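The values are calculated or read from the model by the stated rules, or taken from the named source; none is laboratory data. Treat the numbers as computed from the prediction; the structure is a model and nothing was measured. Here the Cβ positions follow ideal geometry from the backbone for every residue, glycine too, while neighbour counts run over all protein chains shown.
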Amino acid sequence: MNSEKVIVANIKCNGCATTIKNELLKIQGVKSVEVDVENDSIDLSYENIQRDLIISKLHSLGYPEATEKNGLLLQLKSYTSCMIGKINNL
């Protein structure tokens, strides 16, 4: 089992956190996801999958790893993911 903290960009609220958690838990092999909105971090536990798959999923949602360039398109994707997460929290 692998456990790690990933620092990402664009987390704005609990709606973002809900989307991130729901989408990452859909990946077979991801065991747990905890999002820390205040510190822009995600604590993950996973097994039998490549880390790159998780990072790619985060990137596609608009939450790139903090070491990546955070362009306008990714910011727009994160706002969409944020809205979806807020709706799912209702």
Of all residues in the stretch 19-53, which are in contact (Cβ under 8 Å) with a residue 12 or more places away in the chain and among the hydrophobic types (A, V, I, L, M, F, W, C)? ILE20, LEU24, ILE27, VAL30, VAL33, VAL35, VAL37, ILE42, LEU44, ILE49, LEU53
Residues that are within 10 Å of ALA9 (Cβ to Cβ), modelled with pLDDT under 70 and assigned to a helix (DSSP H, G or I), drawn from the stretch 64-90: LEU74, GLN75
Of all residues in the stretch 39-63, which are part of a helix (DSSP H, G or I), more than 13 Å from LYS26 (Cα to Cα) and of a type in the set (D, E, K, R)? ARG51, ASP52
Please work out which residue is farthest from THR80 (Cα to Cα), limiting yourself to the stretch 1-31 and to residues that are among the small types (Gly, Ala, Ser) and under 12 Å from the mean Cα position of the chain (by Cα). ALA9
For the stretch 40-51, what are the residues that are touching a Lys or Arg at 6+ places or on another chain (Cβ under 9 Å) and over 18 Å from SER81 (Cα atoms)? ASP43, LEU44, SER45, TYR46, GLU47
When the residues of the stretch 1-23 are narrowed to those that are β-branched (Val, Ile, Thr) and part of a strand (DSSP E or B), which ends up modelled with the highest pLDDT? VAL6
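Okay, residues lined up against (1) exposed (fewer than 14 other Cβ atoms within 10 Å of the Cβ); (2) within 15 Å of SER3 (Cβ to Cβ):
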| position | (1), (2) |
| --- | --- |
| ILE20 | no, no |
| GLU23 | no, no |
| SER32 | yes, yes |
| SER41 | no, yes |
| TYR46 | no, yes |
| ILE54 | no, yes |
| SER60 | yes, no |
